[in-house]
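Below you'll find the structure, written out as structure tokens, and then a few comments.
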Amino acid sequence: MSATEQTSFKRRLEGVVVKDANDKTIVVNVVRRYKHKQYNKFVSASKRYHAHDVENKAKAGDKVTIIESKPYSKLKKWELLSIN
């Protein structure tokens, strides 16, 4: 396996930036769809993640990919990987 094909074991999530007011921090809303066990209907559940954005590139409304990282603060345990 070459250096460019290394496998990353960190989780990746895709979502939409809902807030970018803080310095070097974005809040990303991630929507997850799953099938309800009892009713067999598809349900959408959303969760917000605080992510580290070093260069303050992401703005509200952008679709982004975030990846697991070291804890930066009490809530920030993700970092911005790319803007889609």
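Nothing in this text is a laboratory measurement; each read-out follows from the coordinates by a stated rule. Computed from a predicted structure; not experimentally measured. Here the Cβ is made from the backbone with ideal geometry for all residues, glycine too, and neighbour counts use every protein chain on show.
Straight-line reach from K47: taking Cα to Cα under 13 Å and skipping same-chain neighbours fewer than 8 places apart, the aspartates and glutamates in range are E14.
Count the DSSP beta bridges whose two residues both fall in the chain, then state the antiparallel fraction as a percent rounded to the nearest 5.
90
When percent of Cα pairs over 20 Å apart is calculated for this entry, the matching label among (i) 31; (ii) 28; (iii) 40 is (iii). Of all aspartates and glutamates in the structure, those lying under 15 Å Cα to Cα from K24, and not within fewer than 8 positions of it along the same chain, are D53, E55, E79.
Applying the criteria of a DSSP loop state and at most 11 other Cβ atoms within 10 Å to the GluC sites (Glu not before Pro) of region 43-84 yields E55.
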